[in-house]
Amino acid sequence: MKNNISRKLIGCISGLLALNNTMAQQQGQYSMYMVNQYIANPAVAGTEDYIDLKAGFRSQWVGLKDAPQSYYVTAHGPTGKNINHKQYDDVKPLAWHSLGATFTGENTGPVNKNSIFGTYAYHIPLSTTLNLSLGLSAGVQQYRVKAADLNYDPQGNLDKATSSNTSVVSPDGNAGLWLYNKNMYIGVSSMQIFNKKIDLASNADAASRLNRHFFATAGYKIKLDSNWALVPSLMFKAVSPTPAQIDLNCKVRFKDMFWGGVSWRNKDAFVFIIGMTLEQKFDIGYSYDRTTSKIGNFSSGSHEIVVGMRVPHLRHKPAPAQFW
């Protein structure tokens, strides 16, 4: 009986800690954003010449009770863009529009979060090779707490009075800028720009905010020869009240087909990534995070997988991706 009570109390404490973490840094942690920058910046929508479909799943801190598990599905592509890879390379193209959509979900113990957003981006050619994109997303987020997983009396029994679930739906938006060509990118974005309050406890004093998240990222592709390329990049993430986070990344690619690399996330983890592209149509990537913080004493690390498909323009074969 004591063991059963202990397990319930541990679950309750884990759930409360998960809730606190979710309210501080509500955007999911992803190590594979380099193969889907759109997940962190709506201005990335339509940067490629095809419709980009991707799905990702992440299991964080494996072995830790009630650790986060997150997933997403994204789709984006250009509309009204004059796609021609052979002619007029010395002529600045016309501006074009892009559309996209994102669905994300995260489960952290008793806390579930789901969101759905639509995106519009406008791409402005600054020269024959350099483009600037401005993107906006709008949608809703739902937070849901399974109260039955949180409330136990001192004897370890469920508190019936507080066992009902709580769900809050809130509108929100994201915004971003993306400067890019085929060899480099610089991006800034802000997520949850409305900074709205949500109340999961039906208590105004306990209300929390959907804090604004800020991202800044940059990368550059260095061609080593006709087959090999090196892609160093970085990502800066900030959200109050948690400390700022910096990712330093380095990827090596071979013939637009195979790639691998490592990342270092300050005060958190070393990340090992690998992936491949088949027939310039299908993408698959995997990452493993080896946690370096104290939580690594209780976890075997984090795993993430991303799969994607490129749907080409009807009159053109799919072009190689910008490959970040």
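The values are calculated or read from the model by the stated rules, or taken from the named source; none is laboratory data. Here the structure is a predicted model, which means the values were calculated and not measured. In this analysis, Cβ positions are derived from the backbone assuming ideal geometry, glycine residues included, and neighbour counts consider all displayed protein chains.
Going by the structure shown, is ARG290 touching a Leu at 6+ places or on another chain (Cβ under 9 Å), assigned to a strand (DSSP E or B) and at pLDDT below 95? So ARG290 does not fit the description; no.
Pairs meeting the criteria (first residue in the stretch 252-267 and among the acidic types (Asp, Glu), second residue assigned to a loop (DSSP other than H, G, I, E, B), beta carbons under 9 Å, at least 6 apart or on different chains) are ASP256/GLN280; ASP256/PRO320; ASP256/ALA321; ASP256/PHE323.
The set of residues in the stretch 235-294 that are acidic (Asp, Glu) and touching a helix residue (DSSP H, G or I) at 6+ places or on another chain (Cβ under 8 Å) contains only ASP283. Of all residues in the stretch 176-193, those that are aliphatic (A, V, I, L, M) and either in contact with a helix residue (DSSP H, G or I) (Cβ under 7 Å, 6 or more places away or on another chain) or modelled with pLDDT under 90 (or both) total 1.
Here is the figure for the stretch 201-257: residues that are over 20 Å from GLN37 (Cα atoms), aliphatic (A, V, I, L, M) and modelled with pLDDT of 85 or more total 1.
Conditions tested, residue by residue: (1) within 17 Å of the chain's Cα centre (by Cα); (2) assigned to a strand (DSSP E or B).
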residue: ASN211; (1), (2): yes, no
residue: THR217; (1), (2): yes, yes
residue: MET235; (1), (2): yes, yes
residue: ALA238; (1), (2): yes, yes
residue: LEU248; (1), (2): yes, yes
residue: ASP256; (1), (2): no, no
residue: VAL262; (1), (2): no, yes
